[in-house]
Structures are given as C-alpha cells and as structure tokens.
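Accompanying notes for the structure given below.
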Amino acid sequence: MSIAIGKRPKIISILSVVGFIFSAGQIIAISAPAIRDVGGWYPMLYGSIIALRFISLVGVWYMKKWGAELFAYVTITKIAVQVLVGDFGLASGVDAFFSVVFAIVFLCFYKRMGRDL
Amino acid sequence: MLFLMLLRESVVFAFHALRVNRLRTILSLLGITIGIFAIIAVFTAVDSMAGKIRGSVKSLGEDVVFVQRMPWVPEGEFKWWEYMNRPVFTERESDEIKRRSLLADAVVYTANGEATLRYNTSFIENASVVAATYEYDRVKQFDLSSGRYFTEQESATGKAVTVIGSSIADGLFHDADPIGKSITIKGRKAYIIGVFKAEGESMLGNSSDNQVLIPMGFARSIMDVESERSEPFMMVKTRSNVLVADLKDELKGIMRSVRRIQPTEQENFALNEVSVLAGPLKAVFGVVGTIGWIIGAFSILVGGFGIANIMFVSVRERTSQIGIQKSLGAKRWFILMQFLAESVVLCLVGGILGLLLDYTLVLIANHFIDFQFVLSLNNITLGLTISVLIGIISGFIPAYSAAQLDPVEAIRSN
C-alpha cells in the first residue's frame, strides 16, 4: 500500500508532526470546562476548527496546496473566533504565534506543493 | 445532486462494511462509548449540582446580608468558642437597622425551632419552625402552591396562622386541601393560610418543604425567640442598584453603634452573604468536573486511536476493492468520503451508546437518590459533537491514504 508523495522537505515533516501532536492535545480540550463555559455552542465551533486544522496538516504532510491554504485560513479563523468570544489568553496567544509561524513556513513551500486532492 | 447521491452511496458502503464485521465494529466503538459515557456522566453530575446551588443561592437571595453570630466561611481559625459567647440578636436591633439604614430595602428578624405538628391523629415530629417578621416574603424567594402569605396586620397582632411546606402538607393531610384547617404547634392551634410550592432538597439546606412559617408575634407566645436555642438572626436585603458590599459596610457601622462596640474592639457579629458560601462549593464541583474531563478525554483519545487503527485495517482489507472502484471511475473524494463516513458512523454509534448509558444512569440515580440529575441538551450536543469530531480526525488519515492509492497497484495488492 505505497502512496506516491512528492519530495517533502524536512522542515515540513517536523512541523507537521509537531502539529499532529498539538492537534491531539487540542482534541482533549474540546470538552474542557473552560471551553464549555464560553457557551453550549462553542465546543462545536472550537472542535470544528481543530478538526479542520488536523485535516489541513494531513494535506501539508502530503504536500498539497489545499493543505497550506486551509491551515492559513483556519489559523486566522481560530484567532478571530477566540478574540471575539473572549477566549484569547496566554495559551491561545502562544498557540496563535506558533500557528502563524507554521503557516508562513508552509506557504514558503507553496510552489512545490501539488494542486490535486 | 450528484454529490448528494454519491455521499449517500458512501454512507451505504460504510454501513455495509460495519455490518459485515459486527464484532470488530462493536469492539472498536467501545472506547468511544466508554469515553463519552465517562465525560458526559461527570458533566451531568456537576451541572446538576451547580444548577441546584444556583437555585438555592437564588432562593436565599443573592442581594441579602445575613447578620448572624458565626461567619459561614471564617477567615483563618474557626473560633467556635468565641462565636458561641457572642450575644444573641434581639428584635430591637432589627428595628434599629430598619430605622437607621439607608441602603436596606427590607429587614427581617427570624428565629428557628423544632416542634411536633399535629392534625387529628396524624403528627410530624421535629418539624422545622421558622418565625419571621412581616418582610420575610420580600427577602426570601418562594412560591405558594395554594393559599396566601400573612397580612401585615396578622403579623403585627401575632395571629395564630401558618404557611406550611409541601412535605408537611403531604404528611399531615395526604391528598386533602390543608387551607383553612388548623394544626397544633407546640400545643397552640394555628390556621393554615398557605402551602409552599415543593422545592426538593436544597444544596444549602434551606428547602421550605419541611418548614412551617409563623409570624413573629405568634412565635413569641410559643417559644422564646430571643434565646440562644432559637438562633435568631437578621436578613437584610439591599435596595436596587446598591452593592452588597456597601450594605455590609453600612450594617457594620450600625451594629457596632447599636452594640456600643469600641473602635479598638472586635465585632461580636458576622455579616454573611450567600455568594461566599456558594463559591467554595462551586470550586469543589469545578475540580470534580476537571478530573472527570481529564479521565473522559483520555478515554476518548485512546478510543480515537483504536478507531484509526481499525480504519487502517479496513483500508488494507479493501485495497483491491478500492482499486476496482477507482478503475471504474470512482473519484478520490468518493473513496475519501466512503471511509470517512465509516469512521464517523462508527464513532457516532459509539457516542450514542455512551449517551444512552448516561441516560440510563440518570434514570437509576433519580430513582434511588433524592436528587434530580438532568442530562441536558448541551451535554447531549457535546457528546455527539465529540463523537463526530473524533470520527473525522481518526478516520481522515486512513481515508485519505485510501483515496491516494494507485488503482493498478491497488487491484494487484491481493
């Protein structure tokens, strides 16, 4: 079951793996009391963002343009949502900083990524 | 339209795959079931208790200051011997507060006791008797299921009337209407003019179900309201737009003046408010909720890894089938949706089973424990949301790898 993947730079591999680990941690946070306290609807929105970010990382791992694009959009959306609902603390700030760095690195390799699904 | 048809076909494929491997399906969704069950069970318990506290706090009054001998939450050591030696409150002090306070909306002087209540041959022992001045209904929130509250005249003249709790009414009168009938309290007859609406157990122990409320004037004829045994205290309600902290400052000044406490001397009274009592309880439930969340979340995470593993196995088993589908024109996203739907359905079924277990537990708990647990819509939605998200996250990589397969190599794999 070998899958043909374009040559993936090491930095993308490292950042994707770090991203996957953080996503696993954030899955746990979906049901955190702090997230529930914002509102009954917020875990759904927050969870959707986490799921989309995970999917975007899969895309980046397979060197797909849609992965980098989706990661950038999701990062902006996540920051905007957290600021709007007042859920932007120190941890969110650190997460936002690293997400922006990740997005910039991913977009640097945008030209080398594939266009198909 | 075509997309919906293909999506439907993906889901049908997914259900078929799950039906074919029943045992594997059941075993793999158990992790999610247990995780959702654990996390929602804890949240249901915590939310139900927190809701009960909120209700109790509301009924006691969030804008009420209780002037008592002992503090509810002492600063430092609990010096009970010192508190016990403090003077009891008198009705004169209550009148002084009423006269001097600019921030108080209502002042109630209240005393408590226990008595055996009798009606014909029925009796209830050790019922809680609450004696209060007229403004009690303005300070404490309660509803009457029938009848009325005292009039100011009845309260002032000490007429032998009473408002009884729902449990007292059930115990003495069963299905009969108690209004207009008289019960004996400490040897004196009192006419029932009202019945409190049933409240159930209170987290702060202030349920009116087992209480009889009598006017202070009447109470003076059957009990020594200003004795230590009656534990008299005052409840002072703030005017609207006045902070409880401001009222406490004012009450402190008035009480020190009334009791002639020197500036260098400590107060011999305590000013309590309900929020102080509710805070530590909420903190305890917060800790319980966090522990439950951590345990449940890790169960779900482990369950998610289980689902991902099963999906990889499923992709490997059906590699040649994927190859045939692709060679017949199936698009990558169709293959992706097919496996993603399988994973989401698997997790969703697991989540629904977990929620059903929670519902069963709630029914059993409500039957055996005198407490109303509620499986809220918020928690049901949370459980389903987590299930779907875990399904998407744990199924995406296997589904995507299946979608990327080369049809020729996939067909040749077997």
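Some points to look at:
- The translational diffusion coefficient of the range A:78-117, from Stokes-Einstein at 25 °C and 0.890 mPa s with a Kirkwood hydrodynamic radius over alpha carbon pairs, comes to 210 µm²/s.
- Whole-number percent relative contact order across chain B, with pairs defined as alpha carbons under 8 Å at least 6 apart: 28 percent
- For the range B:299-379, the alpha carbon positions stretch 64, 21, 16 Å along the principal axes, listed from largest to smallest.
- Here the residues A:Phe97, A:Phe88, ranked from fewest to most Cβ neighbours within 10 Å of their Cβ, fall in the order A:Phe97, A:Phe88.
- Long-range Cα-Cα pairs in chain A (distance over 18 Å), rounded percent: 49 percent
- Using every pair of separate Cα atoms, the Kirkwood estimate puts the hydrodynamic radius of chain B at 26.3 angstrom.
- Counted over all Cα-Cα pairs of the range B:269-345, pairs farther apart than 14 Å make up 76 percent.
- Extended-chain gain in nm, criterion 0.36 nm per residue less alpha-carbon gap, B:Lys331 and B:Thr157: 53.8 nm
- Hull volume in cubic angstrom per residue (convex hull over the Cα atoms of the range B:261-414): 169 Å³
- Residue-normalised convex hull volume from the C-alpha trace of the protein assembly as shown: 210 Å³ per residue.
- Per residue, the convex hull around the alpha carbon atoms of the range B:148-255 comes to 156 Å³.
- Think of each Lys and Arg Cβ as +1 and each Asp and Glu Cβ as -1; about the Cα centre, that makes the dipole of chain B roughly 1040 debye.
- Considering only alpha-carbon pairs that sit under 8 angstrom and 6 or more positions apart, the relative contact order computed for chain A is 28 percent.
- Between 0 and 90 degrees, the angle of helix A:90-108 with respect to the longest Cα principal axis of chain A falls at about 20 degrees.
- Ordering B:Ser387, B:Ser230, A:Ser16, B:Ser240 from the fewest to the most neighbouring beta carbons within 10 Å gives B:Ser240, B:Ser230, A:Ser16, B:Ser387.
- Rounded Å value of the spacing that divides the Cα centres of the range B:363-397 and the range B:115-150: 40 Å
- The range B:1-87: C-alpha pair distances exceeding 18 Å, %: 74 percent
- Averaged over B:393-402, number of beta-carbon atoms from partner chains that fall within 10 Å: 4
- Exercise: per-residue mean of other protein chain Cβ atoms within 10 Å, B:283-292: 1
- Per residue of peptide B:379-389, the mean number of Cβ atoms on other chains within 10 Å of the residue Cβ is 4.
- Unsatisfied cross-links (Cα-Cα over 29 Å) in the set B:Lys181/B:Lys237; B:Lys52/B:Lys98; B:Lys79/B:Lys282; A:Lys78/B:Lys326: B:Lys181/B:Lys237; B:Lys52/B:Lys98; A:Lys78/B:Lys326
Values quoted throughout were computed directly from the atomic coordinates according to the rules given, and no laboratory measurement underlies them. The structure displayed is predicted, hence computed values, not measured ones. Positions of Cβ are generated from backbone atoms using ideal geometry, with glycine treated the same way; all protein chains shown enter the neighbour counts.
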